[in-house]
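Derivation of every value follows stated rules applied to the coordinates shown; laboratory data play no part. Since this is a predicted model, take the numbers as computed values, not measurements. Every residue, glycine as well, gets a Cβ built from its backbone with ideal geometry; the counts of neighbours run over all protein chains shown.
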Amino acid sequence: MKRTVAMSLAAALGWALGNAPAEEVEWHAVGSRRPATSPPVTPAVHSQNPSVSTVDKLPDPTPNPQTSDAPREQLPTAPRQVVIPPGNGASILPPPNAHLNSDRSCHGAPCQPTIAETLCENCAAPSFCPRAYLRAEYLFWFLRPAGGPALLTTAPPTGIGAIGQPGTVVVLNSNDLDRQFRTGGRFSGEYWFDDCRNLGVDGSIFFTGQRNENFFAGPREFDRLFRPFFANNPSIPGFSSGPTEFSQRIFDNVSTTGAFVAENHSNFWGADANLRRPVWCGCTGRVDALLGFRYLHLDESLTEIENVVRLQPLTDSAGNVTEPAGTRIVATDVFSTKNNFYGGQVGGVAQLHRDRWTADLKATVAFGANYQTLDIIGRQFIMPPGQPVQTFEGGLLALASNSGHFSRHPFAVAQETTLNVGYQLTDHFKAYVGYTFLYLSHVIRPGDQIDRVIDVTQIPNFAPPGTPSSGQTRPAVLFQDAAFYVNGVNLGIEYRW
């Protein structure tokens, strides 16, 4: 029996010594002492087997009551391995730096970092790497109001509706027809040529739709209507003895009746296309540089129509009837402007994300030329009862001195800034709300092209006989431009894959 127990103990000791690492076993003679040096520190060892974890065992400071009181040196022991059976619900300790995205991989494919990239060492490898994005937005934008002079006035029976005259009230300004609030849409896309988004392209197109605003005034709304302007003639026989504020009467419901109609047309849209390259990226965001092309188009027109019917015949100084009762006179003035901006564009996009929340800031500036075209047309039609229609060049504000087609292309700058805040609904869909500011320099608009200084001798069938010319070519082609901007809120949805 004793022999059997001794053999069992010897076999157990041999198994234990055989499983201990050789470099961590130190042999000493019985009763010998180790040199007085600091004990070696056993480093932590991580098993290559994911089901095995390593626990370091420290020397047991508790004295053994079966030993003598003489101090004895304890031998270092090998680290003890604890095997965790799979499937028992216990956690498997991860290998060192398992949370690092050291190979910058996505779907198992390593990414090649760009020169300017800064990699955050605490980023986990993404499991979803979208390369294409589509966005659709609904726009609530406000355009800068246009300028221009007063177009229509009313006055008491003793007045002539001239600006500054007592009792004159402005009924319509040229910018009253410019609807500042616009709704529209914007569609944009983005595509990257690799999963790590080292090089990509993007583009967008927006529109605010075609807007038409109309104004009508007639004898039901007003007793008298006038179209004001400044007469620069030295004198107007029977009216003034020098340059003065003046007007053309549309109707007074005594000698004439009629109506006045104004129409404003506006269409604004644009597009851009860019190459994108990352300049910095980290765990919570990235910054991309943009280089591309920008196009903007603003097409507007302002039309004034004066429709008059004579209630009483018009006679000259000799008493001869020049326009019998019932004669209809129609005068039209059209001011049409177009702005087409073409320019090279640079900018950047900064993207931040926290959990499902995202913030995107895009800023661009484009330098180029704004191709401006201006068309001014004036006509007058006189239709006496039973007689052929008589046509004359020139209305009231569009006369021979400023009518025609004109163009030029000054240097211009376009700048856009957009800030969006979004929430990632799923891996593929994100909803966001944002603000956009868009600026374009050197823009011509219809109301600003109206020169209200007029030589009355150019107005068909208007100036009294003997009226001297001012000697100036007025009205003139102003080509007056100004800064143009839009800003407002955009609501959007994004789909990525």
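Rounded to the nearest whole angstrom, the semi-axes of the ellipsoid equivalent to region 228-290, taken from the Cα gyration tensor as √(5λ), stand at 63, 20, 10, largest first.
Counting every pair of alpha carbons in region 132-496, the share spaced more than 26 Å apart comes to 59 percent. Contact order, relative form, for region 132-496: 17 percent (alpha carbon pairs under 8 Å, 6 or more residues apart, mean separation divided by residue count). Relative contact order for region 138-293: 23 percent, from Cα pairs under 8 Å spaced at least 6 residues apart, divided by residue count.
To the nearest 0.05, what FRET efficiency results for Met383 and Ile493 with a Förster distance of 51 Å applied to their C-beta separation? The pair Met383/Ile493 has a calculated efficiency of 0.35. Placing a label point 7 Å from the Cα of Asn214 along the Cα-to-Cβ direction, the residues of region 241-268 whose backbone N falls under 19 Å of that point are 258-267. Across region 488-497, coupling constants 3J(HN,Hα) worked out from phi with the 6.51/-1.76/1.60 Karplus curve, θ = phi - 60°, read x, 9, 10, 10, x, 10, 10, 10, 10, 7 Hz, and Gly and Pro carry x. Taking a sphere under 12 Å around the Cβ of Arg294 and counting the other residues whose Cβ falls inside, with K and R at +1 and D and E at -1, yields a net charge of -2.
On full extension, the segment bounded by Ile305 and Leu275 gains 5.9 nm, given 0.36 nm per residue less the C-alpha separation.
Label-to-label distance for Asn320 and His297 is 5.3 nm, based on points extended 7 Å past Cα in the beta-carbon direction.
With both labels modelled 7 Å from their Cα along Cα-to-Cβ, the Asn267 to Asp194 distance reads 4.4 nm. If you take all other residues with their beta carbon under 14 Å from the beta carbon of Gln180, and give Lys and Arg +1 and Asp and Glu -1, the sum is +1. Taking other C-beta atoms within 10 Å as the exposure proxy, Phe140, Phe229 rank Phe140, Phe229 from fewest upward. Subtracting the Cα-Cα distance of Ala132 and Arg356 from their residue separation scaled by 0.36 nm leaves 78.8 nm. Distance between the pseudo-spin-label points of Asn461 and Thr257 (7 Å out from Cα toward the beta carbon): 1.9 nm. In this structure, Leu419 and Gln180 have a Cβ-Cβ separation that, at R0 = 22 Å, corresponds to a calculated FRET efficiency of about 0.55. For Arg224, the residues 5 or more places off, or on other chains, whose built amide H falls under 5 Å of its own are Ala155. Which residues in region 136-165 have a backbone N closer than 16 Å to a point placed 7 Å from the Cα of Arg249 along the Cα-to-Cβ line? Output list for this probe position: 153-163. Near Arg474, the amide H atoms lying under 5 Å from its own belong to Asp455; only residues 5 or more places off or on other chains count, and H is placed 1.01 Å from N. Packing around the peptides 149-161, 317-329, taken as the average count of other Cβ atoms within 10 Å per residue, puts them in this order, highest first: 149-161, 317-329.
At a Förster radius of 51 Å, what calculated FRET efficiency corresponds to the Cβ-Cβ distance of Thr284 and Gln480, to the nearest 0.05? So the FRET efficiency works out to roughly 0.55.
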